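Trainee: Handing you this structure, nothing more for now.
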Amino acid sequence: MGDRTLSNRGARPDSLAVMENEVVVTATDPAEITAEITEELLVEEISIDGMCGVY
Amino acid sequence: MSTELIAHPLLGLALELHPQVALRPEPFGALAYHYGNRRLVFLQHADMVRVSQALAQHPTLAAALAACEVDEQRWPSFAKAFQSLLESEVVVERSQP
Amino acid sequence: MSADKLVAQLKTGLDAPICLTWELTYACNLQCVHCLSSSGQRDERELSTAEAKQVLDQLRDLQVFYINIGGGEPMVRRDFFELVEYSVASGIGVKFSTNGAFIDAEKARRLAAMDYLDIQISLDGVDAVTNDAVRGAGSYDMARRAMDNLAAANFGPFKISVVVTRHNVSQLDEFKALADSYGAQLRITRLRPSGRGVDSWGDLHPTNAQQREIYDWLMAHGENVLTGDSFFHLNALGPALPGLNMCGAGRVVCLIDPIGDVYACPFVIHDEFRAGNVRDDGGFSKVWKQSDLFTSLREPQSAGACASCGAFDACQGGCMAAKFFTGLPLDGPDPECVIGGGEAALAELAAAPVAVSLKPRPAMDHTKPTRHPTPALT
């Protein structure tokens, strides 16, 4: 209950479009990079209508 | 070696902030508001703000990232972020690179 | 999760509002029974045109992106267009909320020629019977005429704004169809017990079953429907509704009222939530940045009686205006708490006769006197 599921809603201006945080760990194949790359969340969109407390 | 990483297609594009976008500095980075389509975006890192402002001065996104001394390891995150800004039209492709 | 971080940032307040509500006048040609600002008569202390422009100058310097103009009926002000044009010229977008009475064909054309302008027409029923019961005789026709005029003038997409009541929950599909027929966007918002709503809320607010209907409808059909993020108190019913799901009052938004008072939001016009006045030294900017009220709202709020409830994370304890004007403590359940906490709290309150008389009343009442006023109780 109350579990928030956020999905990337793309081009809708009225919803919260969020780039999901991922931790990308490459495969153990030695031919590939083994460094752990953490994806940063650099952009978040919100709706200008989505502020409670205005008309 | 970065050649092992698949380069995001956006890295080679000439981009700029949409002319109807205002950037307002905030402690966490900046707010970007598009007066045309009313979309409001949080730029959540000072580096993201700097690169956004530098876009128009560089031939490609990759060049802007390099000029702003953003570590290559972070480029996938930045590319994904700029992809999102492109979709909301906060950032657009430049007609003349 | 990422959105939690963003919300946490916003709860501590920004250096400037993202947008705000500005009620230009308490004068109004209507007398809606639930009017959040108890409007009707102009207040003689209203900000002058020059004072209003000074406020706009400050908002421009703060880089407020957008203002939501309302009232009363904002178009009643003689300087309405002058102020709207001044705002847009200063780089501040405008949305104004209106009952449509003054949007004749000529005004519609004038509005259509303006840029960075959104219009929100108030409507509380899909037919005159339902609508006029709340907003007064002729108000439905007035609103429809305004919409027709805007459409004829090629204004583009406007918004139809509905306050959800017990009597129009069943009309949500029809409201959507009406908006679609104009190429307009539907907006539905929560009724708060504010202004004249203090007295009409008991009869008008949705029932528990209807709250579930509203939630389900938004989940199923709400993709292009705006809500002003006003239904987050329903989030305990299932997955969270889209939006920030937080109270922005005093943190990212606020109200400037017709006489320059600054309140946390339009639903709490009461001394308890008054942060200052734009006529004070330092103007709006100082009030926003340094007022005691806003500083305290930007601190972590106590969950109080809701702390042990599993739903608190989702509903945030609901709306402070709803709690305040029903006499409930702010650190406790919303009167419309979907778990039933609010009902229990209200029942306790009703059982204590002294407490009822201490229920807060709105700060001011600009309601026009009726022809046959009820005798004063002495």
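Trainee: Taking C:Lys53 as the residue in question, decide whether it is within 22 Å of C:Phe284 (Cβ to Cβ), at pLDDT below 95 and of a type outside the set (Ser, Thr, Tyr).
Mentor: For C:Lys53, the condition - within 22 Å of C:Phe284 (Cβ to Cβ), at pLDDT below 95 and of a type outside the set (Ser, Thr, Tyr) - is not met.
Trainee: If you don't mind, there's one more thing I want to ask. If you go through segment C:149-165 one residue at a time, do you hit one that is in contact with a Pro (Cβ under 8 Å, 6 or more places away or on another chain) and within 28 Å of C:Asn208 (Cα to Cα)?
Mentor: yes
Trainee: Looking at segment C:237-269 only, could you name the residues that are at the interface with chain A (Cβ under 9 Å from one of its Cβ atoms) and small (Gly, Ala, Ser)?
Mentor: The answer is C:Gly238, C:Ala240, C:Gly243, C:Gly248, C:Ala249, C:Gly250, C:Ala264.
Trainee: Name the pairs whose Cβ atoms lie under 9 Å apart, with the first residue in segment C:1-26 and facing another protein chain (nearest Cβ under 7 Å), the second part of a loop (DSSP other than H, G, I, E, B) and of a type in the set (S, T, N, Q), and 6 or more positions between them or separate chains?
Mentor: Within 9 Å, the pairs are C:Met1/A:Asn21; C:Ser2/A:Asn21; C:Ser2/B:Gln44; C:Ala3/C:Asn245; C:Leu6/B:Gln44; C:Gln9/B:Gln44.
Trainee: One residue is enough: does segment C:196-218 have a residue meeting the conditions facing chain A (nearest Cβ under 10 Å) and either of a type outside the set (A, V, I, L, M, F, W, C) or under 20 Å from C:Lys323 (Cβ atoms) (or both)?
Mentor: no
Trainee: Restricting to helices (runs of 4 or more DSSP H) lying wholly in segment C:36-132: which have 2 or more residues that are touching a residue at least 40 places away in the same chain (Cβ under 8 Å) and closer than 19 Å to C:Val253 by Cα?
Mentor: C:49-62
Trainee: Scan C:Leu178, C:Leu186, C:Leu234 and give me the residue that is outside any helix (DSSP H, G or I), hydrophobic (A, V, I, L, M, F, W, C) and either within 14 Å of chain A (Cβ to nearest Cβ) or out of contact with any helix residue (DSSP H, G or I) (no Cβ under 7 Å at 6 or more places or on another chain) (or both).
Mentor: Matching residue, one of C:Leu178, C:Leu186, C:Leu234: C:Leu186.
Trainee: Okay, moving on. Residues of segment C:204-215 being assigned to a helix (DSSP H, G or I) and either in contact (Cβ under 8 Å) with a residue 12 or more places away in the chain or of a type in the set (S, T, N, Q) (or both), which ones?
Mentor: Answer for segment C:204-215, where residues must be assigned to a helix (DSSP H, G or I) and either in contact (Cβ under 8 Å) with a residue 12 or more places away in the chain or of a type in the set (S, T, N, Q) (or both): C:Leu204, C:Asn208, C:Gln210, C:Gln211, C:Arg212, C:Glu213, C:Ile214, C:Tyr215.
Trainee: Another question, then. Is it fair to say C:Asn235 is within 23 Å of C:Gly340 (Cβ to Cβ) and touching a Gly at 6+ places or on another chain (Cβ under 7 Å)?
Mentor: Against the criterion (within 23 Å of C:Gly340 (Cβ to Cβ) and touching a Gly at 6+ places or on another chain (Cβ under 7 Å)), C:Asn235 qualifies.
Trainee: Please go through (1) touching a Gly at 6+ places or on another chain (Cβ under 8 Å); (2) surrounded by fewer than 21 Cβ atoms within 10 Å (Cβ to Cβ); (3) not β-branched (Val, Ile, Thr) for C:Ala152 and return the number of the only condition it doesn't satisfy.
Mentor: (1)
Trainee: Moving on. Would you check if there is a residue in segment C:200-207 being modelled with pLDDT of 95 or more, within 19 Å of the chain's Cα centre (by Cα) and of a type in the set (Val, Ile, Thr)?
Mentor: Checked against the condition, which is being modelled with pLDDT of 95 or more, within 19 Å of the chain's Cα centre (by Cα) and of a type in the set (Val, Ile, Thr), segment C:200-207 yields no hits at all.
Trainee: Mind listing whichever residues of segment C:284-312 are outside any loop (DSSP other than H, G, I, E, B), farther than 25 Å from C:Pro362 by Cβ and either away from chain A (no Cβ under 14 Å) or in contact (Cβ under 8 Å) with a residue 60 or more places away in the chain (or both)?
Mentor: C:Ser285, C:Lys286, C:Lys289, C:Gln290, C:Ala305
Trainee: Can you pull out the residues in segment C:101-125 that are of a type in the set (A, V, I, L, M) and more than 17 Å from C:Tyr86 (Cβ to Cβ)?
Mentor: Once the filter is applied, which keeps residues that are of a type in the set (A, V, I, L, M) and more than 17 Å from C:Tyr86 (Cβ to Cβ), segment C:101-125 yields C:Ala101, C:Ile103, C:Ala105, C:Ala108, C:Ala112, C:Ile119, C:Ile121, C:Leu123.
Trainee: So, one more: Give, as residue ranges, the strands (runs of 3 or more DSSP E) completely inside chain B that count at least 1 residues that are more than 10 Å from chain A (Cβ to nearest Cβ) and out of contact with any Leu (no Cβ under 8 Å at 6 or more places or on another chain).
Mentor: B:21-26
Trainee: For segment C:198-210, state whether one or more residues are surrounded by 21 or more Cβ atoms within 10 Å (Cβ to Cβ) and among the small types (Gly, Ala, Ser).
Mentor: Scanning segment C:198-210, I find no residue that is surrounded by 21 or more Cβ atoms within 10 Å (Cβ to Cβ) and among the small types (Gly, Ala, Ser), so the answer is no.
Trainee: The conditions are (1) crowded, with 20+ Cβ neighbours inside 10 Å; (2) touching a Cys at 6+ places or on another chain (Cβ under 6 Å), and B:Arg50 fails exactly one of them. Which is it?
Mentor: Failed condition: (1).
Trainee: In the set C:Leu123, C:Leu117, which member is surrounded by fewer than 21 Cβ atoms within 10 Å (Cβ to Cβ) and under 27 Å from C:Phe231 (Cα atoms)?
Mentor: C:Leu117
Trainee: Going through C:Pro193, C:Pro157 one at a time, which residue ends up being part of a loop (DSSP other than H, G, I, E, B) and touching a strand residue (DSSP E or B) at 6+ places or on another chain (Cβ under 8 Å)?
Mentor: C:Pro157
The values are calculated or read from the model by the stated rules, or taken from the named source; none is laboratory data. The structure presented is a predicted model; accordingly, all values stated were derived computationally and were not measured. We place every Cβ from the backbone using ideal geometry, glycine too, and count neighbours over all the protein chains shown.
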